[in-house]
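Okay, so here's the structure we're looking at.
Read-outs throughout are calculated quantities, based only on the coordinates presented, and are distinct from any laboratory measurement. Here the structure is a predicted model, which is why all the values come from computation and not from measurement. Glycine also receives a Cβ, built like all others from the backbone with ideal geometry; neighbour counts cover every protein chain displayed.
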Amino acid sequence: MNWDIFCRVIDNHGDLGVTWRLARQIAVERGEPVRLWVDDANALAWMAPQGQPGVQVIDWSDPAAVRDAAAAGPDPDVLIEAFGCDPAPELVARFAARPGGIWLNLEYLSAEDFVEGLHGLPSPVMSGPGRGCTKHFFYPGFTDRTGGLLREADLAQRQAAFDRGAWLAAQGVGWQGERIASLFCYEPPALADWLAGLCGGARPTRVLVAAGRTAEAVRAVLPQLPADRGALHIDWLPHLPQPDFDHLLWAADFNAVRGEDSLVRALWAGKPMVWHIYPQDDGVHHDKLGAWLDALDAPAPVRAFHAGWNDRPGAQALPALDDALLADATRMVQAARARLLAQDDLLTRLVRFIAQKS
């Protein structure tokens with residue numbers, strides 16, 4: 001099959017990260033050509049600096065590039081519209097003119113109850129260049145009645161071969177056996193208190209800070225920390241390619257992640273974690289976070305830490321990152337990981353769904 005995947009970069013590169021992982025997996029594991037249409041591919045310079053044979057990246061914001069790619073063909077067998085991004089009309093018109101194509105709307109990841117009910121439902125296109133076509137909703141999720149999670153076939157083998165010390169040394173991290181926490185977040189109000197608590201902790205902790213918005217957030221709160229930082233050591237990381245971001249999560253003893261792509265990668269890492277969900281003005285992100293914690297059967301201390309980290313109304317002060325909390329979070333994540341590994345991955349379910357609709 002020929003695949004076209006459309007992505008509009010909204011914020012923080014998460015949409016691009018998800019669609020690049022999917023495009024790469026299709027090319028590697030199925031050997032099928034993928035065109036990734038994206039309106040801002042700049043982040044791929046560090047996210048995927050080597051590119052991927054079989055994946056062609058096309059600048060969706062360049063009319064000449066769109067025209068030339070559309071004319072060169074071939075028209076796709078599968079059109080994936082990531083996160084309701086409205087593909088270019090001229091490309092939709094070409095797709096609509098060919099028989100037998102499958103149009104899917106790849107939705108955002110959620111554990112909320114509505115996902116199972118909406119996954120796979122048809123949505124007839126009533127107007128515009130795609131009139132007469134039918135889209136189908138494809139919802140990633142955490143149960144067998146959803147679209148599943150992105151997971152490469154060789155993930156377990158790569159994790160088994162990973163050398164923590166060698167990777168940290170290659171990043172210039174002078175690890176001496178301290179506890180390691182990775183930090184990839186937005187601007188959690190509890191950030192300063194969390195770092196201050198690590199400064200006064202009984203156990204040395206080395207925090208590996210992701211580049212970009214996370215690093216800016218940490219630098220903003222540094223004046224609130226003790227001058228000598230006590231038991232806390234901070235390492236500033238560069239932007240990491242996707243494989244090295246996975247390695248970061250495997251190397252850490254605790255992972256603070258944000259958004260969608262890094263949440264899934266942290267689950268596969270199997271380490272204790274906290275998820276900083278993307279904040280929304282109307283507060284609905286707290287419902288989404290609660291549904292995810294329910295899906296993982298999170299114990300009370302883990303829920304309390306998530307409430308404080310995500311600034312939930314009425315939340316108590318952020319609990320200490322102590323051994324008891326880490327043990328609770330480890331059991332939660334590893335139980336979820338084992339259950340999810342027993343399920344088919346997203347691409348397997350995607351191909352099966354396409355076969356059923358063809």
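Tabulated results
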| read-out | value |
| --- | --- |
| For region 219-290, the spread of Cα positions along each principal axis, largest first, Å | 39, 32, 22 |
| Cα-Cα P(r), region 23-99, percent of pairs per 5 Å interval | 3, 13, 24, 27, 21, 10, 2, 0 |
| Reachable lysines from Lys135, criterion Cα separation under 28 angstrom, eight or more residues apart if same chain | Lys288, Lys357 |
| Peptide ranges 301-309, 44-52, 259-267, 229-237 listed from the most packed, as the mean C-beta count within 10 angstrom indicates | 259-267, 301-309, 229-237, 44-52 |
| Angle in degrees between helix 300-309 and the longest Cα principal axis of the chain, rounded to the nearest 10 | 80 degrees |
| Computed over region 50-169, Kirkwood Rh from alpha-carbon pairs, angstrom | 17.2 Å |
| Largest-first ellipsoid semi-axes for region 197-258, taking √(5λ) over the Cα gyration tensor eigenvalues, angstrom | 22, 15, 8 |
| Given charges at Cβ of Lys, Arg, Asp, Glu: the chain dipole, positive-most of Pro63, Leu155, Ala324 | Leu155 |
| From the C-alpha gyration tensor of the chain, square roots of 5λ in Å | 38, 22, 19 |
| Region 189-324 - charge dipole about Cα centre, Lys and Arg +1 at Cβ, Asp and Glu -1, debye rounded to 20 | 260 debye |
| Whole-Hz ³J(HN,Hα) from phi, Karplus 6.51 cos²θ - 1.76 cosθ + 1.60, for region 241-246, glycine and proline x | x, 3, x, 6, 5, 4 |
| Label-point separation in nm, Glu216 to Asp163, each point 7 Å along Cα→Cβ | 3.7 nm |
| Residue-wise HN-Hα coupling along region 334-346, computed from phi with Karplus coefficients 6.51, -1.76, 1.60 (Hz; x: Gly, Pro) | 5, 5, 5, 4, 4, 5, 6, 5, 6, 9, 5, 7, 4 |
